[in-house]
Every structure is written in C-alpha cells, then in structure tokens.
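The structure appears right after this line, and notes come after that.
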Amino acid sequence: MTLTRTVGLPRRGFLGLTAGAGAAALLGTAACGAGGTTAAGSGDTKTLTVACEGGGKIELQPVVDKFQQATGTTVTLVELPYEGLFNRLTSELSNGKPSFDVCAVDAVWLPLFAGKLAGLDDLFTAEVRNDLFPALVQEAQSGGSFVGMPVWTNSEILFYRKDLFSDPKEKAAFQAKYGYPLAPPTTWQQFTDIAVFFTRPDQKLWGTDVKGAVETEWLAHVLQAGSPGVVLDDTGAVIVDNAQHVAALTFYADLNNKHRVAPAGAAQTDWNAAQNLFNQGQTAMTRFWAHAYRQIPADAKVAGKVGAAPMIGGTAGVAGIPGPWYLSVPKDGAKGDLAKQFIKAAYDDNALSIETTLGLAARKSAYQQYADKPGYESFGPLLSTLNASATKPRPASPHWQRIVDSVLVPTIQKALTPGADYAALLKAARTQIEGIVK
C-alpha cells in the first residue's frame, strides 16, 4: 500500500496533508494492520494515548504539556510516519480495538473513517464555528455530525522576490511594457504578465514554476474560476470537465506550454522541487504553502528577500484548497469523555502550536494574534485566502486519492505538452472518474 503526500507540505520532515492511494481501502478490511492491538482505555483512567504523524507531534506537544499540568493526565503522543498512521487507523478502527484514545486524521481520511469516529457536536458551539474557517467547518462534518476538530490548517499563498519587485529599474521596465505598476499579482493576467517579464533563462531565472506532479494548485485555480466544487459537486456528480475546470487547466498549462515561464521538467515538478527552485533564486514567484515562509533557510539565496501575498484570483476571486488535519475520537474507545476534554483543550490552546517549528493553527483568532508580528508576514495572506468565499475543501469522497493518483495528476502531466487538447483531456478524465465512483 503506497501513500503519497500530494497536498499540504513537502515530505521532508514536515506535516503531510493528503492521504495516498491506499485510502480507498475499506475499513472493513484490516489488511494494512500496523500492529498495536491493545484496546485503549485499559489501566489508569488518567492516561491518554494520542496517535499522530511526525509533524503533528511537534504541533501538539505544547498543548499536551499544558493539558498534563492542568489535569494531571499523562498524555502519550505515539508518533508514526504518514503511511504508518494511516495503516494503524485503518486496522484498529476496523477491528474495534483501538490502541489510541485520540487520533490525528488527515482531511481526506475523514470520509473513510467517519463511521468509526465518535460525534463531537457538543464541542462545535456557535462561538467555535465562528472562529474556524468555513471550509474546515464544512469538512469536519459527515452524515450531519461533526467527527473531527480542526487542529491546524494551511493553504497555498503567493511568495515573491521582494528584491526584484522593489528594484527601481525592474519597476520602470515593467511599467513601460505593461502599462501598470509592478506589484504582487492579484489576477491570473497579472500573474502571467509578471511571470513572462521575469523569465530570463540566460540568467537562470524563470517567472514561476508549474507543478505537474501535484493536483491541488490546479484545483485552487478551478475554484478561482468559479466552479461550485472541484472534480465532484456536492451531490457526487463528476464535474471535472465543466467550463471552470477547462479555464483553470488552460491558464495553468499555458504557463508552461505557451508562455514558457517555468523551468524545464514541469510535468515532474513537485512541492520539494518547486520549493528548492524558489529558495535558490531561480523563480521570481511561487504559489506555495504558507508555513514555508518561516522555514526559508538562512543560507538560501532568497533569505530576507521574500514577500507574501494572498493566493491569486480568477473570475471568482481568491481561492485556495485548505490543507487541514483533525483530532478525532474512536467510537470504540474507552475514554471518550477524557478524549473529548483533550480535544477541547487543543482547540482552546490552539495558538500554542504557532510557536512550534511548523507554526500552524486552525483558529482564525490564533493566526490573527500573530499576523502583525515580525516574522509572521505570511499569516495575513493566509487568513485572506482561507477566508475567501470561493475557498472550498476537497470532495468528501472515499475514492478521492485514487482519483488523484490515477486520473488528476496524469491528466495535468499530459496537459503540460505543447498542443495538448485541454478540453479533450478533461472529457477523458470525466469518463475515468465516473468509472471509479460508480
């Protein structure tokens, strides 16, 4: 069983934000067992076990420390690699003998695990819902019940080279060529103009990157084009070939095929490659996950020269695809009340996680506390992007990662060929996806 982190953050020791192909496995089969068969809840009632991914442990540790001090409860964080966590949850939720009392759940796992998770409706007061981004409130629900409390989230925003954008010669040249001031772009056309302007292969500088090996960046553009959803609508109908998907693929692929503003190898470019290109000063702009702003190495060519702005917008304005994780309680757990108490504490003390090396949260107020502080300049753009009316979660489909791996990414890669028929590619993708979800 192979899992890939195609959304959220690079795989290099960071928090993963997407399930992999194995997510299509049904919970009724425990073929992916990862060990640990002792049911949670045995022994001391003042202990809790929390299963999480590596990045999640970093984020949760300050919350755990405060909870232990306040309640006298011993909390053990069981850190697993991304694939290992998915396998552990799949196996133990299916057999009804979880070795954990609380689990961190990737957003796209919720549709798979929802039937095995306890309801958290009493935690989602009006005040709580108002302090969470709308897309997260929507995504946290399954079958009319809340089954996960968002604990951190992310979104792509725009990073740009301040040294280039503020250079008087560059500003004058851009104004003369395009007739408007050089500034962080807010629209597709501005983004394209600026990318073309800064593409200088002889200087090993390109306007931007195009990431053919991942799907969420294109899907963000689909929402910016005004689609009611990405790939599937709210009824589960396949809409991958609607006008907005075609417009977004045209904009995205034309950056590579027509405008040639990205380095060679766009079809294989993933998050790691794009991040390296930008940090090495080879791209003037990148659309990337907001956490990366605080993790630019001190010896990077762009260190101290990076600006942040909200994600660009199409006809529907700014939109992004959130990359959240949730805390959930297994239905078969023996410490449901204490587990929910911990999850409430994780919400109440959500801002503590911002001080960690990953520096992510889920509450609007947590990000707002830091948005005006030096070093956190990415938080304002992140808030704007996550709060945008066109921002929506991925479809709540148990087939989602199979759709991503077998249809969406291959379709984008095929589109990154000069002369590609974008509409025909999406029509073929629709047929494939309909075969998967039928």
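The values are calculated or read from the model by the stated rules, or taken from the named source; none is laboratory data. Computed from a predicted model, the values in this text were never measured in an experiment. Cβ: placed from backbone, ideal geometry, glycine included. Neighbour counts: every protein chain shown. All accessible areas refer to the heavy atoms of the entire protein, side chains included, with ligands and DNA or RNA removed. Shrake-Rupley method; radii C 1.70, N 1.55, O 1.52, S 1.80 Å.
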Calculate how large, on average over all directions, the projected area of the Cα convex hull of the chain is; give the answer in nm² to one decimal.
20.3 nm²
Space enclosed by the convex hull of the alpha-carbon atoms of segment 172-309, per residue, Å³:
127 Å³
Percent antiparallel among DSSP beta bridges with both residues in the chain, to the nearest 5?
70 percent
Take the Cβ-Cβ distance between Asp163 and Asn130 as r, set R0 to 56 Å, and report the resulting FRET efficiency rounded to the nearest 0.05.
0.90
Order of exposure, largest accessible area first, which applies to Tyr367, Tyr376 with probe 1.4 Å
Tyr376, Tyr367
Given the options Ala172, Ala262, Ala362, state which has the largest fluctuation in a GNM of the chain using a 10 Å cut-off (strictly under) for Cα springs.
Ala172
Where labels lie 7 Å past Cα in the beta-carbon direction, separation of Thr76 and Gln341 in nm
1.9 nm
So, for the chain, what is the accessible surface per residue at a probe of 1.4 Å, expressed in square angstrom?
37 Å²
Looking only at segment 237-259, which residues have a backbone nitrogen under 12 Å from a spot 7 Å from the Cα of Thr315 in the C-beta direction?
243-248
Any of Lys331/Lys373; Lys344/Lys438; Lys46/Lys97; Lys211/Lys427; Lys57/Lys438 with alpha carbons more than 30 Å apart? Name them for me.
Lys331/Lys373; Lys344/Lys438; Lys57/Lys438
Which percent of the accessible area of the chain is formed by carbon and sulfur heavy atoms (probe 1.4 angstrom)?
52 percent
Within the chain, helix-based [θ] at 222 nm, where runs of 4 or more DSSP H residues each add -39,500 (n - 2.57), nearest 500:
-10500 deg cm²/dmol
In terms of modelled amide H atoms, which long-range or inter-chain residues lie less than 5 Å from the amide H of Val302?
Gly281
In sequence order, what are the phi-derived ³J(HN,Hα) couplings for segment 257-262 according to the Karplus relation 6.51 cos²θ - 1.76 cosθ + 1.60 with θ = phi - 60°, rounded to whole Hz, with x for glycine and proline?
7, 9, 8, 6, 9, 10
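For segment 295-438, what relative contact order do you get, as a whole percent, if you take Cα pairs closer than 8 Å and at least 6 residues apart? Before the final figure, lay out each step's value.
Details: 105 pairs, mean separation 36.0, N = 144.
Over segment 295-438, the number comes to 25 percent.
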What is the spin-label model distance, in nm, from Lys171 to Lys258 if the labels are put 7 Å beyond Cα along the C-beta direction?
3.1 nm
